[in-house]
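Here is the structure we will look at, set down as structure tokens.
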Amino acid sequence: MILGLSFILTSVVANASEYHTKYEWDYSKVKVVICDDSVYEPEDVIAAISFWEKENHTALKKVSKNVTVVDANSDHCKKGWKYGHILIAGPNGLNTSLYDGKCKYWYGGDDGKVVSAYIRIDNRAYDLKDTLFHEFGHALGLGHNNNNSRNIMYTP
Ligand SMILES: [Zn+2]
């Protein structure tokens, strides 16, 4: 759930079996929303979705490429969650001396499935692209990979 400052990635070589699915989504169509205090633009987020599509992660079939941007003062950005949404925002109180990015989940029902995810990225993150790809992996329900340092979900 946490990406340390020591996370450095030069290239991504991984196969799907190296991804560890921790959580599944409870929705058949997940929408992606960016708060306008985020460092990312819709095309950056679409690149992250495309990356995970190439990795052929099953959760991704549920994620819409129709990314929208909303006011950082909107209810959605202030609360951080909304059913069936992945939200991407700026640091918002993130302890930036510790983390480049963070992903938080909300669960619903008895089956423990994810109903909402909230990604926050520090605009001083070491590598903004890799940080987004990594945190988006968490938003899809993936945990860390501890073995392959070239895996985007690797965390030492
Ligand atoms: Zn992580």
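Report, by chain and number, residues whose modeled amide H sits under 5 Å from the one on residue 72, excluding near sequence neighbours (fewer than 5 apart, same chain).
Residues meeting the amide H criterion: 36, 37.
Using packing as a proxy for protection, rank 120-132, 42-54, 70-82 so that the peptide with the highest average count of other Cβ atoms within 10 Å comes first.
On the way: 120-132: 19.0, 42-54: 16.1, 70-82: 14.5.
Going by the mean number of other Cβ atoms within 10 Å, highest first, we get 120-132, 42-54, 70-82.
Reachable lysines from residue 29, Cα under 17 Å, same-chain residues fewer than 8 places away excluded?
Those lysines meeting the cut-off are 61, 62, 65, 82, 113.
Which length gain, in nm to one decimal place, applies between residue 20 and residue 72 when the Cα-Cα distance is subtracted from 0.36 nm times their residue separation?
Fully extending the segment from residue 20 to residue 72 adds 15.5 nm.
If you average 1/r over all unlike Cα pairs in the range 22-140 and invert the result, what Kirkwood radius do you get in angstrom?
The Cα-based Kirkwood calculation yields 14.1 Å.
Every number here is computed from the coordinates shown, using simple stated rules; none is lab data. The structure displayed is predicted, hence computed values, not measured ones. Here Cβ is always computed from backbone atoms with ideal geometry, including for glycine, and neighbour counts include all displayed protein chains.
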